[in-house]
Structure formats: structure tokens, C-alpha cells
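Undergrad: For reference, the structure I am asking about is given below.
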Amino acid sequence: MKKFWKLLMITAVLACVLAIPAFASDYDSAAQELKNLGLFQGTNAGFDLDRTPTRTEAAVMLVRLLGAETQAKTQFAEGKITHPFTDVPSWASPYIAWLYTNNLAKGVSDTAFGAAGQCTAKMYCTFVLRSLGYSDGAGGDFTFDSSEDMAINVGIYDSTFVDDTFLRDHAVFVSYEALATRLNNSGKTLLEKLVSDGAVSQESAKALLGKVKSYAGYFDAFYKWQNAQAMDMTMTLSTVLETPVLNSKVNVDAKYTSKTIVSGDSVMIESGTTFNDGDNTMTVTTWLKDGYLYTKSGSIKTKRAVDDDDIADLLYDEYAATEPPVFYLNQISDITAASTGAGTLYTVTVSNKSYNADELMYAIDDVDISDAVVNSCTIHVLVGNDGMISTIKENLVCTLTTEIDGKPVEMKCTVVMNGTVNATGSAVSIQFPNFSDYTLTE
């Protein structure tokens, strides 16, 4: 059974497409799209995404992202804006002056901008968050030190960048994701604002506007799902792993049920997993109640005391196992929203690309997965007329590469995932069994 549990772990990761893009510079297409909108230019060496940006370059990128380049140059030439910094090159002064005047960028001192210094992730996240209407002033929405965490929460930054040097590539990523982000305390995305302000033409932004509108609508439903205090869901996962060179085929089916009720400090959970590999079936059910975790596997019944950290981890695991698929805007090649009698059906097609295997380094019968390529990934999510996600269906086909006898071997992995939200809020209830015969363990 060990190898099949590990296979299930791999496919669960694949189904959520949690892996990391493999290339040092993976946002060329986003850079090109920004350029087409007049929001990014690059350098004399092209986009030059594989190096760190200076604070001056980051400032210029930000002004262009906000569609304010012409305005900045005009206002600076007319003497309407200025800055106090002595280290800014003359060509960049209009950009720095515009940001400084609009309280979007500050210096490293009263007279120095730090123009030639390296722009860090915290700096660029701070710049963009301010541009989205968030404040880092006294009593504001975030601080400079928490800017990365805030940017992750807003959806414009990836935590995987934390261990890397912040590159122009990453700045492009943050800038592109910001276009689909609603301004603070506003129902309008940054791209919609740029179009309404005339900074970007309606015609040039037409295709992206449609994508952004559907993307923002989907995330409204996702956040409603995420913030539900009580949830009853069922997920099924069907996986087929084929290795033509070995003439082998493995079928794995799993069903996951999850009920969570959070009320103040009280958390109750009922969670069940049924797993079938064609030869064996295993069912495990767990309950969380009154500070104890109860587990039933076959005829074995145990219980153990849990603390607040354990409960937080259990609740996180429940949400992670049932969470609707979410992607960054740049990962999506197409997203549409169609009205139906039952609500709005979102269809998402994920871009085909190679993925780093760091997130897939599980073993199937002691054989490591060295690479994974997503061949196709399509998700259908129905959002009911109440704004809550109703059903989820994901179809994923990928090619996994392993090594046997020193030679690379490809395996085709097909995953079909179906999820149903059975109930939310007060409609969710848990009927606990009699736990009197459960054995206490450490």
C-alpha cells in the first residue's frame, strides 16, 4: 500500500498545480503583454529579466505600470513636481519626482534616494501596495517589514521568491498580478482604473480586461469560500499512471469528505478518506471535538489530546485538501465566465509549461520523480447565485519523468478531480459517534 499512498500524494499536489516554475526567467510573456499595453519597456539588452533591478529602475517600472510616464515627464518639465534627492540621474528625475510627490516612494535619507542601490522584494512590494491604495504610514495597512506578507495576502507576490534574489523578472510578476488586483476599498481593478483614466487604451486592453474581469469574479467566490465559518465538502480524485516502456498502468481512486465548524475558539471537524487502488480499499475517519482528535481506521479506534497549534494545523489541512484551485494570472492562458440557471460557470485553462520537481520529490516504490510537465489543465468551477462555489471539476494531464537503470523513463499521469460544496454556515452539522471505546494514545 505504501507506494499507492505516495502516488496519491503526488497526484494531489499535481491536481492543485502547486509546483514552481522552473526557469530563472519565466515571465517573458507577462513582460511582453505589459509592453504591449505601454506599461513596461525593458532595457537596451531586451527585457533583461535575469538580473536585480536598481531602485531607479524599479521606480521607472512603477511609473510605467501606473500609466503615468507622460504625465510625469510633462509635470516635471513644467516644474509642477520635484524631489530633494541628489543621487538621481537626470533622465530618471521625472519618474522619481512623480512618485515622491504622490507619496508612492521615499528616499533612504532626506537627500538620497538610493538610486543605484539594489531594489529588494520588500521595497518593490511596498511601492506597488501603495499604488493599490494601501498605506504603510502610522496605523496603516502594513509596515515595510511586513510588505511581502501583505503582498502575498493581496495576491501579487509569491512566497517562493523569498529564498531568491529579487530580480526584474519578479518585479514583472508583481506588476502583472497587480493589474488584476482590486484597489483598496474599491471594486475596480488596477487595469480597469488605467483604462478609465485613459492611461491604457480600451482597444489594446480588451482581451486582458475580459480575462481580468473573470479572474476577479472567480476570486470573489474563492474568498467567500475561504471565509466561510462552516463548510461541508466532498472531493473525489481519480488518478491513472501509465508507464508505456514498462507496459504498466496503475489506477487509484480516492474520496475525501470534510466538515468543519468554527465558532469563536471552538473548532469541530469530521474528516474521512476512502482510498482504492483496485486491489485494496482503506478508509480512515477522524473527528475533532473538545480538544481531542479521534481516529478510526478499520477496527482500530484511538484518541489523543491536541493543543491550539495542533488544531490550527488540522484546520489548515482540511482547507488545503478541499480548497478550490487557484492560480496567478500569468499562469492562466484563458478564463471565461458564463451565466447559467444555476449561477456562473468559470472555465480556466492553465498554461502548459515545465515545472520544477521540488514540490514533487515523493517516491513511487523508491523511484524519484525528477521532472513534471503539465500537458493540459482545465478547471470548471460553478459559483451559485448566492456567490458561493458549488462544484469544482479539474482535468489534469501531465508527464512525469523518473529514472530506471540509469535511463530516463516517462510516465503519463491523468487526474480527474471533482468537488462539491454540500453545505455552508448553519446548514453544516456533525453527528459525533460514541467515543467511549476509543483508546487514549500519546
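Undergrad: Mind jotting down a quarter of the surface of the convex hull over the alpha carbons of segment 291-342, in square nanometres, one decimal?
TA: 7.6 nm²
Undergrad: Using the Kirkwood radius over C-alpha pairs as Rh, can you work out the diffusion coefficient of segment 38-204 via Stokes-Einstein at 4 °C, viscosity 1.567 mPa s, in µm² per second?
TA: Using the Kirkwood radius from Cα pairs, D works out to 80 µm²/s.
Undergrad: I'd like the distance between the alpha-carbon centres of segment 100-166 and segment 408-442, rounded to an integer number of Å.
TA: 40 Å
Undergrad: Tell me, what is a quarter of the convex hull surface for the C-alpha atoms of segment 229-440, in nm² with one decimal? Each step should come with its number before you reach the end.
TA: Values: hull surface 59.4 nm².
Directional mean of the projected Cα hull area for segment 229-440 stands at 14.9 nm².
Undergrad: Report the relative contact order of the chain, percent, no decimals, based on alpha-carbon pairs under 8 angstrom and at least 6 residues apart.
TA: In percent, rounded to a whole number, it is 16.
Undergrad: Additional query: Kindly provide log₁₀ I(q)/I(0) values, in the same order as q = 0.15, 0.23, 0.24 Å⁻¹, from the Debye equation applied to equal alpha-carbon scatterers of segment 132-194.
TA: The Cα Debye sum returns log10 ratios of -0.49, -1.04, -1.10.
Undergrad: Rg over Rh of segment 67-128, using C-alpha atoms and the Kirkwood radius, what does it come to?
TA: Rg divided by Rh gives 0.95.
Undergrad: In the Gaussian network model of the chain, springs joining C-alpha atoms below 10 Å, which of M417, M268, M233 carries the largest mean-square fluctuation?
TA: Looking only at M417, M268, M233, the largest GNM fluctuation is found for M268.
Undergrad: Modelling each spin label as a point 7 Å along the Cα-to-Cβ direction, I'd like the L440/A423 distance in nm, to one decimal.
TA: Reported label-point gap for L440 and A423 is 3.2 nm.
Undergrad: Give me the dipole magnitude in Debye, nearest 20, for the chain about the Cα centre, with unit charges on the beta carbon: positive for Lys and Arg, negative for Asp and Glu.
TA: That gives a dipole near 1200 debye.
Undergrad: Next up: Would you mind calculating the relative contact order of segment 38-204 from Cα pairs under 8 angstrom and at least 6 residues apart, reporting the percent as a whole number? List each step's numbers first, then the result.
TA: Details: 223 pairs, mean separation 38.2, N = 167.
Relative contact order for segment 38-204 comes out at 23 percent.
Undergrad: What's the FRET efficiency of E410 with S248 using the Cβ-Cβ distance as r and R₀ = 22 Å, to the nearest 0.05?
TA: The computed FRET efficiency comes out at 0.95.
Undergrad: Ok, one more. So which aspartates and glutamates pass the test for K206, namely a Cα distance under 14 Å, with those fewer than 8 places away in the same chain ruled out?
TA: Partners found: E33, E192, D334.
Undergrad: Still on this structure, I have one more. Any idea what the alpha-carbon Rg over 2.2 N^0.38 Å comes to for the chain?
TA: Working: Rg = 25.0 Å, N = 442, 2.2 N^0.38 = 22.3 Å.
The value comes to 1.12.
Undergrad: What is the order of K259, K106, fewest Cβ neighbours within 10 Å to most?
TA: Final ranking by Cβ density, sparse to dense: K106, K259.
Undergrad: Cα-Cα pairs above 21 Å in segment 216-293: how many percent?
TA: For segment 216-293, the fraction of Cα-Cα distances above 21 Å is 51 percent.
Undergrad: For segment 229-440, what does the relative contact order come out to in percent, with C-alpha contacts under 8 Å and a separation of six or more?
TA: RCO, segment 229-440: 22 percent.
Undergrad: Using a 10 angstrom cutoff on alpha carbons, build the Gaussian network for the chain and name the most mobile of K213, K255, K407.
TA: K407
Undergrad: Would you mind telling me which residue in E203, E177, E57 has the biggest mean-square fluctuation in a Gaussian network model of the chain, where springs connect alpha carbons within a distance under 10 angstrom?
TA: Most flexible of the set in this elastic network: E203.
Undergrad: If each residue's Cβ is checked for other Cβ atoms within 10 Å, how do W98, W225, W91 rank with the fewest at the top?
TA: The order, fewest Cβ neighbours first, is W91, W225, W98.
Undergrad: Determine the calculated [θ] at 222 nm for the chain from helices alone, applying -39500 (n - 2.57) to every DSSP H run no shorter than 4 residues and normalising by the residue count; nearest 500 deg cm²/dmol.
TA: Taking each H run of at least 4 residues, the total per residue is -8500 deg cm²/dmol.
Each reported figure results from applying straightforward, stated rules to the coordinates on display, with no laboratory input. Just so it is clear, the model here is predicted, and its values are computed rather than measured. Glycine also receives a Cβ, built like all others from the backbone with ideal geometry; neighbour counts cover every protein chain displayed.
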